Amino acid sequence: MLLKGSVSLLLALCTLAVFANRGPEPIVTGADQTGLYLPLLKGKRVGVLGNPSSIIGSRSLVDSLHDLGVNIREIFGPEHGFRGKASNGAKVADEIDSATGIPIISLYGPKRKPSKADMDAIDIMIFDVQDVGCRFYTNINVLRNIMESCAESGKELLILDRPDPNGYVDGPILDMAFKSGVGQFPVPIVHGMTIGEFAQMINGEGWLSNKEQCKLKIIPVKNYSHDMSYKLPVWPSPNLNSQQSILLYPSLCLFEGTIISQGRGTHMPFTVLGNPDLKGAYTFSFTPESIPGMSETPLHEGQACYGLDLRGIDADSLRKTGKLNLSWMMELYKAYPYKEKFFDYHQSRQMGDINKLAGVAAFKEQIASGMSEADIRKSWEPGLSEYKEMRKKYLLYPDGVSQTKFVPAHDRHISYEGRILMTKDAAVLMWPGTDVRIDFEGTGLSAQLKDQDTANYYNVVVDGVVTSKIHPDTARRNYLLADGLSYGRHSVDLFKRTEWDKGKTWFYGFDFEGKTVLAAPPKKPVRKMEFFGNSITCGYAIEDRTGDSPMGYFENNYDSYAAITARHFNAQCHYTAKSGIGVMVSWFPLIMPEMYDRLDPTDSNSRWSFSRYVPDLVVINLLQNDAWITDMPTNEQFKRRFGTQRPSEDLIVESYRNFVRTIRQVYPKAKIICMLGNMDITREGSPWPGYVQKAVQTLNDPRIFTLVVPYKNTPGHPKTEEQKAMAETLIAFIESHISW
């Protein structure tokens, strides 16, 4: 229970103001409300626990109070020191502050809490540091130590509260058998509390020595709730030097217990992940170096580390889901070749103990065993739910102030493009280029998604402009699509970049916050197109500038020649495409004549109704894989389809003609372009353009055309500029040959 009377009437009045004031007023930190606490300091000897995040406006709290005549007798510095010049984990010595002449007493050296002599020199202690809401961020340990010294000496602790930039609750509860410097309280990894709220919890739960109580005065943040985005004016520590790093920190700090670098030793810590042994699995790389004041001896110093670049993801969307991202840990463990080293902290002095960071022994084994994220999360219960209930007693701020409006997948205001399977409560997105759109009047929205195996990526298109890329995981959750838009009419599309072999994604609906008016879907474009294609049409590896990676991260159907062409003509479009597929033979046991009529491409019994979407123009761009595999008699699919004999020219022509004839049968009025290119199937001397031309000629159909795009003459799949060039060729051909 809270100590009766321990929090002043000032706190109660300010808290009521915060709950009542739910308008668009700016967030005001405790430190900025000087009128509420300067009278409390008058005539008193003051101690200050602070660091560079301790500011009034844009100026140091200590400098400002010193100039206002406050009698500051001592400054106490936490990890990194009062002025923030020390690296992570570096011991900090006592010194005299050069700006004010006030003694600075380090609490990150031999001494971890103020001594009796330190406390005898002051009448009141101020605590003002920016926290990030994580168990392994050491500010809450310092808070507990300061509270103990204040309780033991009978001195007041004045907390100038600041927002928690993460604001949510998630993760396993610390098993106190793993109590350490990165975990000292039985709370989850992301505890969802401000410093002021956590101080009340420390008192209320009896976490001080001998269950003593600290006399608290808290100046709450004004106009704040936990669900609000808050961009820090000053970075809280040298290695949390961007908003992106702060929001990714809850998920990425767990990697300090692995052989994976989190970017320490770069100027982008906690936004990248990598290891030298992942070369070949990933193309992105960074090289940790010694950086004084940040990391003098980083893990893998001087070695190129290959892995994930998370600087471009929408980290605020991750915050709004209220969940840690476990998929990166699962992915990198799976990719790392030396599994026995992954969690072995004996490999380097720069590695931590994953048991202490996660707070439980099970996490390491769960990742190693390939346990699903859903089952990992189940293991956190009932402790996590019990903590959330306990936490409510100590909150100074609501968890949310805005009303959320949920628009389910079947709502008439949502429009779809592509072959989509509708279930009772979701739209199942499978094919590349599948698109979900909604128009509304408001300022932002989120999408509720769940992915089959975290391999899919989506473009977010706001008012016709791609604004971000989303990577859904296997838990149903909200993903922020747009936020902070000017109030008015907007359109938002969720466009599937990746193809169906990356798994399914379940779209459950949109969430809107604040005032929102749904608009009727715009009238769909009159023109309709459909592409039957392979990896070129899918946009395979289009964004991989250094190779030809099969990872979904580098695939982008939106920038394929097909999608560019469809947008140019303002046409609806379906992309019936799959990397590696052919007309006669593929790199896997499925060919286009067996796939073209499926709704669910993974289900041979799932049939698409061609009456649901009738294109005016069909483009068939196939045979590249046939051209390769028909020259590979030892290939398993060659043997399966052809036995030991390479197919004859007549069989090739007949097979292609039969497929085109099939498309003509399902779309009797469509104009069809039989296209080839731009990989080596159209190189000089290739017989394959002749096969296509012969097949089309024998069909004797004036509405079927051929187009051969010249060989690009570069390695691998076409990249962005090469796809644009293909689109220009196709657009010019359509404009000169097709009347629609």
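Laboratory data are not the source of any read-out in this text; all were calculated from the coordinates shown. Source: prediction; values computed, not measured. Every residue, glycine among them, receives a Cβ derived from its backbone with ideal geometry; neighbour counts consider all protein chains shown.
List of remarks:
- Among 45-58, 188-201, 607-620, 697-710, sorting by the average number of other beta carbon atoms lying within 10 angstrom of each residue, highest first, gives 188-201, 45-58, 607-620, 697-710.
- Backbone amide hydrogens, once placed in the peptide plane, bring LYS279 within less than 5 Å of TYR306, excluding anything fewer than 5 places away on its chain.
- Within-15-Å neighbourhood charge of ARG641 [Cβ basis; K, R +1; D, E -1]: -2
- Using a cut-off of 26 Å between Cα atoms, the listed pairs LYS639/LYS671; LYS334/LYS388; LYS231/LYS320 include LYS639/LYS671; LYS334/LYS388 as exceeding that distance.
- Cα-based values for the chain, radius of gyration first and Dmax second, are 30.5, 101 Å.
- Rounded, prolate or oblate (a/c below 1.5 giving rounded, otherwise prolate when a/b exceeds b/c) for the range 9-219 by Cα gyration tensor: rounded
- Protection proxy ranking, peptides 393-399, 513-519, average beta carbon neighbours within 10 Å, highest first: 393-399, 513-519
- As a rough guide to protection, the peptides 116-124, 204-212, 687-695, 238-246 ranked by mean Cβ packing within 10 Å, highest first, stand as 238-246, 687-695, 116-124, 204-212.
- Long-range HN-HN contacts of LEU622 with modeled amide H, under 5 Å: MET675
- 3J(HN,Hα) along the range 303-308, derived from phi through the Karplus expression 6.51 cos²θ - 1.76 cosθ + 1.60 where θ = phi - 60°, amounts to 10, 5, 10, 10, x, 9 Hz, with x in place of Gly and Pro.
- From the alpha carbon centroid of the range 150-174 to that of the range 274-327 is 29 Å.
- Cross-link reach list, aspartates and glutamates versus LYS712, counting only Cα pairs under 12 Å and skipping chain neighbours closer than eight places: ASP680, GLU684, GLU721, GLU722
- Computed from backbone phi with θ = phi - 60° and the Karplus coefficients 6.51, -1.76 and 1.60, the 3J(HN,Hα) list for the range 638-648 is 4, 5, 5, 8, 10, x, 10, 9, 5, x, 6 Hz; x is used for glycine and proline.
- Helical contribution to [θ] at 222 nm, DSSP H n ≥ 4, -39,500 (n - 2.57), averaged over the chain, rounded to 500: -7000 deg cm²/dmol
- 9 Å beta-carbon shell around ARG664, net charge (K/R +1, D/E -1): +1
- Euclidean distance of C-alpha centroids, the range 404-473 and the range 521-549, integer Å: 17 Å
- 32 Å Cα-Cα threshold exceeded, pairs from LYS424/LYS502; LYS496/LYS694; LYS405/LYS669; LYS323/LYS523; LYS179/LYS215: LYS496/LYS694; LYS405/LYS669; LYS323/LYS523
- For LYS222, a cut-off of 19 angstrom between C-alpha atoms picks up these aspartates and glutamates, skipping any fewer than 8 places away in its own chain: GLU25, ASP32, ASP128, ASP131, ASP161, ASP164, GLU197, ASP399.
- Rotationally averaged projected area of the range 528-737 (alpha carbon convex hull; nm²): 11.5 nm²
- Other-chain or far-sequence residues with amide H under 5 Å of ASP123's (modelled H): ARG45, VAL46, GLY47
- Cross-link partners for LYS341 among the aspartates and glutamates, with Cα-Cα distance under 20 Å and sequence neighbours closer than 8 places in the same chain left out: GLU256, ASP277, GLU301, GLU331, ASP353, GLU365.
- For the range 349-366, putting each phi into the Karplus relation 6.51 cos²θ - 1.76 cosθ + 1.60 with θ = phi - 60° gives couplings of 5, 8, 8, x, 8, 4, 5, 6, 6, 6, x, 9, 6, 6, 4, 4, 5, 5 Hz, in residue order, rounded to whole numbers and with x for Gly and Pro.
- Bridge type composition, the chain - antiparallel percent by DSSP, nearest 5: 60 percent
- Local net charge near GLN350, Cβ-Cβ under 11 Å (Lys/Arg +1, Asp/Glu -1): -1
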